[in-house]
1. Select, from Leu71, Leu45, the only residue that is part of a loop (DSSP other than H, G, I, E, B) and not assigned by TED's automatic domain parsing to the domain that holds Ile14.
2. Are any of the residues in region 54-65 surrounded by 15 or more Cβ atoms within 10 Å (Cβ to Cβ) and not in a loop (DSSP other than H, G, I, E, B)?
3. Applying the selection to region 22-43, what residues are surrounded by 12 or more Cβ atoms within 10 Å (Cβ to Cβ), over 9 Å from Phe3 (Cα atoms) and out of contact with any helix residue (DSSP H, G or I) (no Cβ under 7 Å at 6 or more places or on another chain)?
4. Quick one: which of Thr109, Thr63, Thr85 is free of Cβ contacts under 8 Å to residues at least 12 places away in the same chain and of a type in the set (Val, Ile, Thr)?
5. Scan region 105-136 residue by residue and report those that are surrounded by fewer than 15 Cβ atoms within 10 Å (Cβ to Cβ) and within 30 Å of Val46 (Cβ to Cβ).
Amino acid sequence: MRFVGRRDRCSPSIRQLIEDTERDTAANAALTLWICFDYGGRSELVEAARSLVRDGIAADDVTEDAFAARLSAPDMPEPDLVIRTSGEQRISNFLLWQTAYSEYVFMPTLWPDFGEEPLRKALAEYAGRRRRFGVR
């Protein structure tokens, strides 16, 4: 398990629990579950830009790779699929940089009720798409 977000606003006990969980699951290789906790995409982008400035990177030397390396979790793979539950059709400040080429499926099901059947429907919709990544 990996956590992305503002740990500095957590109580020391919650911060310790997050760190213990990441450490205790670090050797698991089958699946990585990323949890966005007190996370906002805009603030992540602002922090990455601030990091570039702090590191003294000249404007002409700013690249996508240099920017991406300063995100909260630079080793997080870009999601192929984002399933948006609750019938909302917006991205809600979620992984703004990382989901630039992700496919979205919008489901009417509320998150607490999202189970196997809605997941199967979302995956079937995704499987029927032809991925186009545009120009990077």
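The values are calculated or read from the model by the stated rules, or taken from the named source; none is laboratory data. From a predicted model like this one, the values you see are computed outputs, not experimental measurements. Please note: Cβ atoms are built from the backbone with ideal geometry, for glycine as well, and neighbour counts cover all protein chains shown.
1. On the way: Leu45 fails: part of a loop (DSSP other than H, G, I, E, B).
Criteria check complete, one pass: Leu71.
2. Going through region 54-65, the residues surrounded by 15 or more Cβ atoms within 10 Å (Cβ to Cβ) turn out to be 57.
Restricting the remaining residues to those that are not in a loop (DSSP other than H, G, I, E, B) gives none.
Within region 54-65, not a single residue is surrounded by 15 or more Cβ atoms within 10 Å (Cβ to Cβ) and not in a loop (DSSP other than H, G, I, E, B).
3. From region 22-43, those surrounded by 12 or more Cβ atoms within 10 Å (Cβ to Cβ) are 22, 25, 32, 34-41, 43; that's our starting set.
Checking which are over 9 Å from Phe3 (Cα atoms) leaves us with 25, 32, 38-41, 43.
Scanning region 22-43 gives Thr25, Thr32, Tyr39, Gly40, Gly41, Ser43.
4. Details: Thr109 fails: free of Cβ contacts under 8 Å to residues at least 12 places away in the same chain; Thr85 fails: free of Cβ contacts under 8 Å to residues at least 12 places away in the same chain.
Testing whether each residue is free of Cβ contacts under 8 Å to residues at least 12 places away in the same chain and of a type in the set (Val, Ile, Thr) leaves just Thr63.
5. Our first condition is that a residue be surrounded by fewer than 15 Cβ atoms within 10 Å (Cβ to Cβ); within region 105-136, this holds for 108, 110-113, 115-117, 119-121, 123-124, 127-136.
Residues satisfying the conditions are Trp111, Arg131, Arg132, Phe133, Gly134, Val135, Arg136.
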